[in-house]
1. Quick one, could you list the DSSP H helices from the chain stretching 20 Å or more along their long axis (Cα atoms) with average Kyte-Doolittle hydropathy of 0.5 or above?
2. Hey, of [x] 104, 51, 41; [y] 76, 57, 37; [z] 65, 55, 47, which did the structure itself give for Cα extents along the principal axes in Å when calculated?
3. So what's the convex hull volume per residue for the Cα atoms of segment 23-112, in Å³?
4. Show me, for segment 315-328, the HN-Hα J-couplings you get by feeding each phi into the Karplus relation (A = 6.51, B = -1.76, C = 1.60, θ = phi - 60°), rounded to Hz, glycine and proline as x.
5. Please report, to two decimal places, log10 I(q)/I(0) for segment 380-502 at q = 0.11, 0.21 Å⁻¹ as given by the Debye formula with identical point scatterers on the Cα atoms and no solvent.
6. Add -39500 (n - 2.57) for each DSSP H run of 4 or more in the chain, then divide by its residues: what number comes out at 222 nm, to the nearest 500 deg cm²/dmol?
7. Rounded to whole Å and sorted largest first, list the principal axis extents of the Cα atoms in segment 155-324.
8. Across segment 202-217, in residue order, what do the Karplus-derived ³J(HN,Hα) couplings come to in whole Hz, using 6.51 cos²θ - 1.76 cosθ + 1.60 with θ = phi - 60° and x for Gly and Pro?
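Bear in mind these aren't lab numbers, they're just calculated from the coordinates by the rules spelled out. Bear in mind the structure is a predicted one, so any value in this text is a computation, not a measurement.
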Amino acid sequence: MKKLLSMLLLCAMVLGLATSAGAEITLGEEKPVLRILNYNVSYNPNETVEYKAYVDKTGYEAVYSILPSENATETLVMNMAGADKFDMCIIQGADQFSTLMTQGALLPLNDYIDAIAPEMWDCISKEAWSGVSDEDGNVYALPFVYPMPRELTSVITVRMDLVKAAGIDTLPTTVNSFYDFCKKLQDFYGDQYIILTGPYNKGTPGNIYNIPMCIAAGFGIYSDWMLDDDGKVIYMTEHKNFNAMIEYLNRLYNEKILDMDYAINTWSNADEKMSSGRAILEIHSRESINGMSKALFANFPELTEDDLAWIPILHDEEGNASFMESRQYWSYTVVPRSAAYNAAYVVDYAWKKAQNQTYLLIGEEGVHYTWDEDHLPIPIQPIFTDERNKANIFMSIGYEDQLSTLWAARLRKSSIMWKLYTACTLEPLANEPQVMVPSPFAYNNKPAYAEYNPQLLADLNVYLTQLVTGVKGLDSLNTFMNDWKVNGGEEVRAALTEWVNK
């Protein structure tokens, strides 16, 4: 398959060189209808209200096609190798972008940005630009960065009615007090309830591991790849507190505080156990709190939103905690080398979207949203959801410093989601901003990382589950790390070391 992909991408590169050599970068009076291949969504973008808003503000019409949910990379490469098919592609996979860039299938965009929209260089940080560039500074994508880079995404949702009935008035803040808290619940309820259900591995920022990062925070562990106190790149299993964290989680499991189905649960199983009244606590995030709480309130009509509370990240006994920023790319807008003839229009289209991002993402003030006293947007329902719910998929690049403010409107689509975000991000970070650790590898574009890390992460998650549930003990760590080295761990370490030292 790799050989086939390389051959197809080589064809694309040759076609692109032939079509773009010596071309002057200008915009004609008549805009073309842009042909766009988009990452997978469950609806037709061309038929949405949001698409019409983009046409209105940019003056560009477009025909969107959607990548399939399966075999997306193969389909993408086949389309990229075509001589006359798509003017641009909006993709999400870092591995997809890395494959296309390293194989020469993408058109460098520097000259087009300089000619059409030089102000675009100021939309995002130099670091974000560097992650879509080669060593010579050639830019191969217009990146749309993740809008919520400073969010504590891993939390524990609490049934406060059950907690208060057990005679507990305060929520824990440290890993030790959390254990004591859980033991009190267990002593009071016995086996009537699952004390803590999980894991919550939804494959989204902060929730890609089979351990709760809100608990790992109290051990100073915040990612699979980290920097130690000396600035050295280390793997999670090499962290000085890894063994202590595993022993803690395994103790929760052995004492039946942690769900006995932990090894087979999915995030949706955990949500179901919480909403059906079988669990008191759930390892959770805001991403499914709306659906879970609706189901809970339907099953127990006597409950209200005030009966739910949250434990944000836990601390050690000295009050220290570490949680990594969610800084990363949301999507990449790329131009096939074979589509150089419309690249100037692609850049112009992206720039017009960026210039109008407030209107395009959250609508018109007084119609779709209003402002609160902290200058955060409040959506006006139902029109906000009806006309802006799908707005983000069309973006190519945006003003990075504005996105988290605009995104607040999306978080406020439900009051319970906003309560969670306020309790677990706004308030904690206002009181202790130091818990948020910069993401040192956020925008890395190293081929070794793209090639090896997906499997390394999958292997890590299997191993973490085995350790937590006692299927394997910490005496297996050397064997795991030997396999890790064989499967590319040291190659990724070398690449990330080069990235942070560049």
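1. Taking the DSSP H segments of the chain (at least 20 Å long, mean hydropathy at least 0.5), we get 2-20.
2. Matching the structure shown: [y].
3. Hull volume normalised by residue count: 125 Å³.
4. 10, 7, 6, 8, x, 8, 7, 9, 9, 7, 3, 8, 5, 5
5. Debye curve over Cα of segment 380-502, log10 I(q)/I(0) at q = 0.11, 0.21 Å⁻¹: -0.71, -1.12.
6. -12500 deg cm²/dmol
7. That works out to 53, 30, 27 Å along the principal axes.
8. Along segment 202-217, the couplings run 9, x, 10, x, x, 9, 10, 10, 8, 10, x, 6, 5, 8, 4, 4 Hz.
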